[in-house]
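The values are calculated or read from the model by the stated rules, or taken from the named source; none is laboratory data. Values in this document were obtained by computation on a predicted structure and should not be read as measured data. Cβ placement follows ideal geometry from the backbone for every residue including glycine, while neighbour counts extend to all protein chains displayed. SASA here: full protein model, heavy atoms, side chains in, ligands and nucleic acids out. Shrake-Rupley method; radii C 1.70, N 1.55, O 1.52, S 1.80 Å.
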Protein chains: 4
Amino acid sequence: MIFRTDLALEQREALSGTEAHGILTGERTVNGVRISTVTVRNQTGAAALKKPIGKYVTLELPSMMTSAKAAEPLQALLCETLLSMLPKTGCILVAGLGNVQITPDALGPKCAALIFATRHISGELSASLGLGTLRPVAAIAPGVLGQTGVETAELLCALTARLSPAALIVIDALAARRLERVGTTVQLTDSGIAPGSGVGNRRFEISRRTVGVPVIAVGVPTVVDAATMAGDLLTENETAPENARRMMVTPKEIDLLIEHAAQTVAMGINRALQPTLSAEDLLLLIK
Amino acid sequence: MIFRTDLALEQREALSGTEAHGILTGERTVNGVRISTVTVRNQTGAAALKKPIGKYVTLELPSMMTSAKAAEPLQALLCETLLSMLPKTGCILVAGLGNVQITPDALGPKCAALIFATRHISGELSASLGLGTLRPVAAIAPGVLGQTGVETAELLCALTARLSPAALIVIDALAARRLERVGTTVQLTDSGIAPGSGVGNRRFEISRRTVGVPVIAVGVPTVVDAATMAGDLLTENETAPENARRMMVTPKEIDLLIEHAAQTVAMGINRALQPTLSAEDLLLLIK
Amino acid sequence: MIFRTDLALEQREALSGTEAHGILTGERTVNGVRISTVTVRNQTGAAALKKPIGKYVTLELPSMMTSAKAAEPLQALLCETLLSMLPKTGCILVAGLGNVQITPDALGPKCAALIFATRHISGELSASLGLGTLRPVAAIAPGVLGQTGVETAELLCALTARLSPAALIVIDALAARRLERVGTTVQLTDSGIAPGSGVGNRRFEISRRTVGVPVIAVGVPTVVDAATMAGDLLTENETAPENARRMMVTPKEIDLLIEHAAQTVAMGINRALQPTLSAEDLLLLIK
Amino acid sequence: MIFRTDLALEQREALSGTEAHGILTGERTVNGVRISTVTVRNQTGAAALKKPIGKYVTLELPSMMTSAKAAEPLQALLCETLLSMLPKTGCILVAGLGNVQITPDALGPKCAALIFATRHISGELSASLGLGTLRPVAAIAPGVLGQTGVETAELLCALTARLSPAALIVIDALAARRLERVGTTVQLTDSGIAPGSGVGNRRFEISRRTVGVPVIAVGVPTVVDAATMAGDLLTENETAPENARRMMVTPKEIDLLIEHAAQTVAMGINRALQPTLSAEDLLLLIK
């Protein structure tokens, strides 16, 4: 049986009872948010999980991220997890991957538009605005290959070479296997983006190996492949309908979900990058 | 086994082999478009088909309506079918139902925005623009109950009483049972809108009985209920996942599909309402 | 010298020194907001001011409404002024006039989309959501004649006849004479909308006389006619450039201004209509 | 008297009667489009015109670019002029400058979205789609400094170093001095973008000198500075109103104008870059 997921947690759940060598897992709950950690320690673990070596942290809400209130504890944990993965100082480049014209793939670009970019704000200006010392941040939405003719990985390599950031944060919409994880879950990983992942099936790896700086990937599942859902419902001898391959399963309120998830992820990142500013000030600054 | 569909054709397919009394069916293919007709002649037929008495014409393309080229024969047949259902003269009110902020429900409002409204154009102005005599047309997007506090049926009753059109055309996004009909099919019917139909589950009947003038409904299936798809894959003793009820299955290119389907349906209607204008002129007039 | 303004305050400023009979004026400042009142008491005053009989309250901020913080006192005064003009009980119909596709004319429709519509929420539902007793509110965006073929006044008459609201609130983008009033000012009046006013030059009167219920108009100037600005700069013997007639003067940040002004006006109205809910709860309810 | 314009033609018009050394001018009319050429041959000319050395071609329509029909001859001349400036072979990078959220500055990004990107389409794929041999084209919208923290010039340098295109085409919205040139004019130049030009006052030079490859700039004036218009109306001893500095003068139909101008410029570029494809095929490919 074949299914598709971008969540390390779901790959882990599909492994048989006996734990694969090289995979460590942990779980706890904070303020109603379930935090699961999957650490892939070596190539044996990577082969078993079909995920690169690295740490994968999944934050799960009990319900959809469609209200500002429900998402607040998630925002705080997102900030905290990011801080544990990021270098303490230096410029951060944030890239929102995906196609803004395809709703479930628009998370990245919408999120990038809500990141507080500060790299161009001089210390004097920042002080005169009462903002104190700001960490330099750049934020871009590189678009998608079909519309630009440029691989996302190519553009990020070029820009990273030019800006020399301390790290790169990439935001992307993901595919999950389980319906209940769509719009309720955030995955953070220090392993970057693997080929073929994301709603748009990004083609090239974006990682420390390819861009030369640490890459933290932040993703929210926004779809389930219709073929994956069909496959999960069928017995071994049945096959999914042919048309399912070009279909996806999304929440009925997907447009609202994308708006709220972009806001939640962006604010989690903004809080991690500018710890001296209050959430309220950050909200005013990004509008 | 329970499934949901707004297509009379799919209700008809689900009926057992022996034809129900009071239902007539026909089928032919023109320029690659399959035309199926289901006529519900009496209450026996209506009860069997769970659809009001009336004529239902379904136009099916072999592929998605995502290119202008493929949709041209569909546009022509849409125009022809509409002309067979509409009164020959008099003002036509066109209403695009649905929520413009929810992609698969946005067909109606997007379509209404592309209808060539002419009711306010005087004969002199029309003549001076070289447009000849225009049929009076009004076009509105009434919004949805959750955002306006006004039932679509209420607003249409009020407006119909005021404008006294010869007929009302309502456009709505539909739910289909079969994945292959999403984005490839248009249904036209002279029975109006039944309660609970459309992607947004409109609550009230919109028909000659309720608004006082003939009502032609034009719909394009844009989703399959995830619960319906799950139900179709499962055997009798299995049940669909609980979360499926708040999910829908759509094509991956749903945003593009909605743009193209709105354009196709709007142009089919424009051509039927202004037969003296060329398709090219209509395209320039609605932009 | 001819100029165009939709603000009673600016018409009043242009009157010669000796006060016209039938016009009363007042002014005070609250929390940094200048509140000017012009009351047109009879036809002599109406003829002098070229505005219908009624009360016109203008709220002026010292700076553009482009930050949430600056607009808060304005929101509170807007709420207070509205409460003084509205009937104490009964359903309120809110209509956002204008064309959502023309940025400086989009204030009305954008504002209507942010009104908390409650007319369809039953007392039981409201109680179960912890919202207490809600005043019934309907909110629509009727579109513009050029796109719908229906006069705004016609649609509002039809809907008012059907819904029998206690009052109608119409929101519209206005033209000012002075650059400094664009985006810094809100005008409220109990005289409704006069023919030829608004950015879109609405053609018909919308007032108690025409729709049969009290009409409160709320407007924000978003443009200055280029011909008006030119006229103000020129001496009596000069004439404005011909092309100025099809041009308008707007702030460079007009897109941002419209978003913020729509939010400010909508929240002022929401607070006046649902006084039992906090501003914070209202913000969550309209998203 | 100080005024602002990004058009070499308007700088030239402001020069006194005796022709400056180092500036050549020419003019002709083709299919109703007035073609003016200003060539700055040396530093004397550059100092007089306040424009870098290079060739500036201005195409002027008799009326606004708000209908597809009127813009067709413009499209053809744009294509022809571009072909005279571009290298005959090699990859072309197209960059749409500006802020998509500010209507009169959105020309560049909207145009970039309509460029047919082909760099990623292999010869086999192209042949199998019946498109023949395509010139490699990449198309991006780099965003604006205030939102990304990255200078447009920085990003274009980085990307040009990576992709090694034969030339760079930059598209930008311009400020004109004369109202009648807004929305009716296209300027093409082989001198790139000078500091301080464009609606957004881009800060850095983008030219062969800075990015290392030929840079063709294509611009459409979408605004007049309100201070420039005021200055032109006033006598020498008067001063423009203070508020005029943060205002701009635009056509009332600016939103429509931007859509049409983006389409016209994009199609002119597409036709120049893919001369083997028909305009009709290109239209279908970019949607």
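Kindly provide the helix-only [θ] at 222 nm of chain B, computed as the sum of -39,500 (n - 2.57) over DSSP H runs of four or more divided by all residues, to the nearest 500 deg cm²/dmol? It would help to have the intermediate numbers written out before the result.
Values: 11 runs with 100 residues, N = 287.
After summing the helix terms and dividing by the residues of chain B, the value is -10000 deg cm²/dmol.
Under a Gaussian network description of chain C, with springs only between Cα atoms under 10 Å, the residue in C:Ala176, C:Ala244, C:Ala71 that fluctuates furthest is C:Ala244. Scalar couplings 3J(HN,Hα) for the stretch D:123-129, obtained by applying the Karplus form with A = 6.51, B = -1.76, C = 1.60 to θ = phi - 60°, are x, 5, 4, 4, 5, 5, 8 Hz; x denotes Gly and Pro.
Site pair A:Ser278 and C:Ser122 shows an inter-label distance of 4.2 nm when each label is modelled 7 Å from Cα along Cα→Cβ. Each Lys or Arg adds one and each Asp or Glu takes one away; over the other residues whose Cβ falls under 11 Å from the Cβ of A:Met248, this sums to +1. If R0 is 41 Å, the Cβ-Cβ spacing of C:Arg203 and D:Arg246 corresponds to a FRET efficiency of close to 0.80.
To the nearest 20 debye, what is the magnitude of the charge dipole of the stretch A:122-232 about its Cα centre, counting +1 on the Cβ of each Lys and Arg and -1 on the Cβ of each Asp and Glu?
On the way: 9 positive and 9 negative charges, 27 e Å.
Value, rounded to 20: 120 debye.
Please compute, for peptide D:249-260, the average count of beta-carbon atoms on other protein chains lying within 10 Å of each residue's beta-carbon.
On the way: counts 10, 10, 5, 13, 4, 7, 8, 3, 0, 1, 2, 1.
Whole-number average of other-chain Cβ neighbours for D:249-260 is 5.
Work from the charge dipole of chain A (Cβ charges, +1 for Lys and Arg, -1 for Asp and Glu, about the Cα centre) and give the residue of A:Val265, A:Ile206, A:Met64 farthest towards its positive end. Comparing the listed Cα positions along the dipole, A:Ile206 ranks first. Coupling constants for the stretch C:76-83 follow from the phi torsions by the Karplus curve (6.51 cos²θ - 1.76 cosθ + 1.60, θ = phi - 60°), and in residue order they are 5, 6, 4, 4, 5, 5, 4, 4 Hz; glycine and proline get x.
Each of A:Leu97, A:Gly54, A:Ala158 was scored by the projection of its Cα onto the charge dipole of chain A, and the greatest displacement toward the positive side belongs to A:Ala158; charges sit on the C-beta of Lys, Arg, Asp and Glu. With contacts taken as Cα pairs under 8 Å and at least 6 residues apart, the stretch D:211-254 reaches a relative contact order of 45 percent.
In the protein assembly as shown, what percentage of the DSSP-assigned beta bridges are antiparallel, given to the nearest 5?
On the way: 114 of 186 bridges.
Approximately 60 percent, going by the DSSP bridge assignments.
If you build the Cα gyration tensor of chain C and take the root of 5 times each eigenvalue, what three semi-axes come out, in whole angstrom, biggest first?
Details: eigenvalues 193, 79, 76 Å².
Semi-axes, largest first: 31, 20, 20 Å.
Compute the Cα gyration tensor for the stretch A:98-141, then decide on rounded, prolate or oblate, letting a ≥ b ≥ c be the square roots of its eigenvalues: rounded whenever a/c is under 1.5, prolate when a/b is larger than b/c in the other cases, and oblate in all that remain. It comes out prolate by the Cα gyration axes. With a point put 7 Å past each Cα toward its Cβ, work out how far A:Thr210 is from B:Ile35 in nm, to one decimal. Placing both labels 7 Å beyond Cα along the Cβ direction yields 5.2 nm. Sequence-distant contacts, meaning Cα pairs under 8 Å at least 6 residues apart, place the relative contact order of the stretch C:89-223 at 29 percent.
Amide H contacts under 5 Å for B:Val94: B:Ala138, B:Ala139, B:Ile140, B:Ile169, restricted to partners 5 or more places along the chain or on a different chain, H placed in the peptide plane at 1.01 Å from N. Solvent-accessible surface of the stretch B:8-286, taken per residue with a 1.4 Å probe and all protein chains present: 38 Å². In percent, rounded to a whole number, the relative contact order of the stretch C:8-286 is 20, using alpha-carbon pairs under 8 Å and six or more apart. In this structure, the amide hydrogen of A:Val223, modeled 1.01 Å from its nitrogen in the peptide plane, lies closer than 5 angstrom to those of A:Leu174, A:Ala176, counting only residues at least 5 positions away or on a different chain. For D:Met248, the residues whose modelled amide H falls within less than 5 Å of its own, excluding neighbours fewer than 5 places apart on the same chain, are C:Thr250, C:Lys252, D:Ala226.
Using a 10 Å cut-off on Cβ to Cβ distances, tally the other chain neighbours for every residue of C:139-148 and report the average as a whole number.
Numbers: counts 5, 8, 5, 5, 6, 1, 4, 3, 11, 13.
Taking all residues of C:139-148 together, the mean is 6.
The ellipsoid that matches the Cα gyration tensor of the stretch D:144-199 has semi-axes, each √(5λ) in whole angstrom, of 25, 16, 8, with the longest given first.
Buried accessible surface for the B/A pair, both sides summed and rounded to the nearest 100, is 2500 Å² with a 1.4 Å probe. Relative to the longest principal axis of the Cα atoms of chain C, the long axis of helix C:254-273 makes an angle of roughly 50 degrees.
Taking a ≥ b ≥ c as the square roots of the eigenvalues of the Cα gyration tensor of the protein assembly as shown, is the shape rounded (a/c under 1.5), prolate (a/b larger than b/c) or oblate? Rounded. Across the stretch D:183-194, computed HN-Hα scalar couplings (Karplus, 6.51 cos²θ - 1.76 cosθ + 1.60, θ = phi - 60°) run x, 10, 10, 10, 10, 10, 8, 8, 9, x, 10, 8 Hz from first to last residue, x flagging Gly and Pro. Between the stretch B:86-120 and the stretch B:204-249, the C-alpha centres lie 21 angstrom from each other.
If you model the stretch A:207-252 as an ellipsoid using its alpha carbon gyration tensor, with each semi-axis the square root of five times an eigenvalue, the axes come out at 33, 14, 9 Å, biggest first.
With the alpha-carbon atoms of the stretch C:1-117 aligned to their principal axes, the span from lowest to highest coordinate is 44, 36, 31 Å, starting with the largest. Computed from point charges on the beta carbon alone (+1 for Lys and Arg, -1 for Asp and Glu), the dipole magnitude for chain A about its Cα centre is near 620 Debye. Label-to-label distance, B:Gln43 versus D:Thr133, with points set 7 angstrom from Cα along the beta-carbon direction: 7.5 nm.
Calculate, for D:Thr89 and D:Ile53, the FRET efficiency according to 1/(1 + (r/R0)^6) with r their C-beta to C-beta distance and R0 35 Å; round to the nearest 0.05. Working shown, then result.
Details: r = 25 Å, r/R0 = 0.73.
Efficiency for this residue pair is about 0.85.
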